[in-house]
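Input: a single structure, listed below in structure tokens.
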Amino acid sequence: MAARLGSTRSARAQQMRGVLEQWKRSGLTLQEFGQQRSIPRTTLVWWRHVFRHAGRKRRGANGGQESLPERALASAAAVFRELPLTGPVTRPAPAVLEVVLRSGHVLRVPEGMGTTTLQAVIAVLERGC
């Protein structure tokens, strides 16, 4: 089964579940815990949100109940494929802003991204791809 955004069964989700359990036992604030481990607070908050809402039901467009992952799958129209690299490998610019959208998508915005591009990306993600 392929992992999807917000999946609680992916390898990353299992890793973050363990991290959040360590945080709960640490006695630190989420901010302090993240700083000690170089994990952005927004990442910890997002995963905490995913685990809190896993399996919750939401009213679908047809008025029936659907789980959040089912809703995400139903609205996913985009297909992603891994493409081979054709040029030199460069490290991406570090994100200077991280935006968590209502849809649950996390957008990491690098320095220098134009507002037109950013608005277009947000519009696509908010539309549900």
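The values are calculated or read from the model by the stated rules, or taken from the named source; none is laboratory data. Source: prediction; values computed, not measured. Counting neighbours? That spans all protein chains shown, and the Cβs are built from the backbone with ideal geometry, glycine included.
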Does residue 34 qualify as being over 13 Å from the mean Cα position of the chain (by Cα), surrounded by 12 or more Cβ atoms within 10 Å (Cβ to Cβ) and at pLDDT 80 or above?
yes
So, first residue more than 19 Å from residue 46 (Cβ to Cβ) in the range 88-110, second residue of a type outside the set (D, E, K, R) and surrounded by 11 or more Cβ atoms within 10 Å (Cβ to Cβ), Cβ within less than 9 Å, six or more apart or across chains; the pairs are 92/110; 93/110; 93/113
Item to check | Residue check, residue 56 at pLDDT 80 or above, within 30 Å of residue 127 (Cβ to Cβ) and either in the same structural domain as residue 108 (by TED's automatic domain parsing) or not aliphatic (A, V, I, L, M) (or both) | outcome: no
